[in-house]
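The values are calculated or read from the model by the stated rules, or taken from the named source; none is laboratory data. Predicted, not measured: the structure shown is a model, and the values here were computed from it. No Cβ is skipped: glycine too gets one built from the backbone with ideal geometry, and neighbour counts run over all protein chains shown.
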């Protein structure tokens, strides 16, 4: 389990992480989301002892990283997949890390097979593509067979097959009872990978809980209604001042829940063939709930003419 309590980090006048508290449970894949500049990478660096917090604590299975006797056997992290000596082969890179942590060479060969790098194990890492470098970074994190795993943007550079592979790997690791904590900007992929979410903005916690609950917070999606008596239903909705639009032979009603729509249809004598609240997406919920926490906003998209 990962637990952060009042975690704060200042760089001079810059407050990168602001009194941040959350937990990531064992046996779950926890997604770590936030806009650019939100403090995600700084938080993950503090988890791994690469940065010291200004105040507060973050522990791995109840211990600060610096207190772990065998850190690689407890927590594996991939913060920067490009971190490797370009002149060393993939196998050499993993062997020296294994040797400094008392791990046998056979474990090196196991993780090379696991991440699909066995055919290029003797190729220099400096010649690797970004996707291959990502796989080597994941292999490094897995080397000590740790109980806790941290991945920062693990699918960058992976092809579709590789993305499906890392998703299945994370689910399998969590199913073994491990804690899997992953940061990514690819929201559609995160929606298929994470079970729980920690969302931050400007260094502060915005949300912690399940993926299902977070997506359910997306507002303004409406209720889809199909009826053989659409004229009567339109009239009843208009009299109530409800906003709606027509879509594929149905009505999508805004700002009115399904209970009220059903009662209104019954009173109007309109039979309903469908009455379905529209579910949101991770992207919709994320954009709504982080709108006030974006530090580096995008410019206006120019209009295409012609």
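Taking region 171-193, which residues are surrounded by 19 or more Cβ atoms within 10 Å (Cβ to Cβ) and more than 22 Å from residue 42 (Cβ to Cβ)?
173, 174, 178, 189, 193
Kindly evaluate residue 141 against the criterion of being on the phi < 0 side of the Ramachandran plot, in the same structural domain as residue 39 (by TED's automatic domain parsing), touching a strand residue (DSSP E or B) at 6+ places or on another chain (Cβ under 9 Å) and in a helix (DSSP H, G or I).
On the way: on the phi < 0 side of the Ramachandran plot: yes; in the same structural domain as residue 39 (by TED's automatic domain parsing): yes; touching a strand residue (DSSP E or B) at 6+ places or on another chain (Cβ under 9 Å): yes; in a helix (DSSP H, G or I): yes.
Answer is yes for this residue.
Against the condition more than 20 Å from residue 46 (Cβ to Cβ), assigned by TED's automatic domain parsing to the domain that holds residue 163 and surrounded by fewer than 17 Cβ atoms within 10 Å (Cβ to Cβ), how does residue 82 come out, does it pass? Explain how you work it out, then say what you get.
Working: more than 20 Å from residue 46 (Cβ to Cβ): yes; assigned by TED's automatic domain parsing to the domain that holds residue 163: yes; surrounded by fewer than 17 Cβ atoms within 10 Å (Cβ to Cβ): yes.
It is true that residue 82 is more than 20 Å from residue 46 (Cβ to Cβ), assigned by TED's automatic domain parsing to the domain that holds residue 163 and surrounded by fewer than 17 Cβ atoms within 10 Å (Cβ to Cβ).
Residues are listed down the side, and each one gets a yes or a no for (1) free of Cβ contacts under 8 Å to residues at least 40 places away in the same chain; (2) part of a loop (DSSP other than H, G, I, E, B); (3) more than 16 Å from the chain's Cα centre (by Cα):
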position	(1), (2), (3)
4	no, no, yes
10	no, no, yes
20	no, no, yes
32	no, no, no
38	no, yes, no
41	no, no, no
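Consider residue 165 against the criteria (1) in a loop (DSSP other than H, G, I, E, B); (2) at pLDDT below 95: it satisfies all of them except one. Which criterion is unmet?
Residue 165 satisfies all of (1) in a loop (DSSP other than H, G, I, E, B); (2) at pLDDT below 95 except (1).
Determine, yes or no, whether residue 26 is out of contact with any helix residue (DSSP H, G or I) (no Cβ under 6 Å at 6 or more places or on another chain), closer than 23 Å to residue 172 by Cα and not in a strand (DSSP E or B).
Yes, satisfied.
Yes or no: residue 119 free of Cβ contacts under 8 Å to residues at least 24 places away in the same chain, assigned by TED's automatic domain parsing to the domain that holds residue 163 and either surrounded by 21 or more Cβ atoms within 10 Å (Cβ to Cβ) or not in a loop (DSSP other than H, G, I, E, B) (or both)?
Yes: the conditions hold for residue 119.
Of the residues that make up region 280-302, is at least one under 26 Å from the mean Cα position of the chain (by Cα), farther than 22 Å from residue 36 by Cα and either at pLDDT 90 or above or not in a helix (DSSP H, G or I) (or both)?
Yes, because at least one residue in region 280-302 is under 26 Å from the mean Cα position of the chain (by Cα), farther than 22 Å from residue 36 by Cα and either at pLDDT 90 or above or not in a helix (DSSP H, G or I) (or both).
Within region 61-69, is even one residue surrounded by fewer than 16 Cβ atoms within 10 Å (Cβ to Cβ), in a helix (DSSP H, G or I) and touching a strand residue (DSSP E or B) at 6+ places or on another chain (Cβ under 9 Å)?
yes
Which of the residues belonging to region 250-270 are part of a loop (DSSP other than H, G, I, E, B) and either surrounded by 14 or more Cβ atoms within 10 Å (Cβ to Cβ) or in contact with a helix residue (DSSP H, G or I) (Cβ under 8 Å, 6 or more places away or on another chain) (or both)?
From region 250-270, those part of a loop (DSSP other than H, G, I, E, B) are 255-257, 269-270; that's our starting set.
The answer is 256, 269, 270.
Among the residues that make up region 222-237, is at least one of them within 33 Å of the chain's Cα centre (by Cα), in contact (Cβ under 8 Å) with a residue 24 or more places away in the chain and not in a strand (DSSP E or B)?
Looking for residues that are within 33 Å of the chain's Cα centre (by Cα), in contact (Cβ under 8 Å) with a residue 24 or more places away in the chain and not in a strand (DSSP E or B), one finds at least one in region 222-237, hence yes.
I need a count of the residues in region 43-60 that are surrounded by fewer than 22 Cβ atoms within 10 Å (Cβ to Cβ) and in a strand (DSSP E or B).
4
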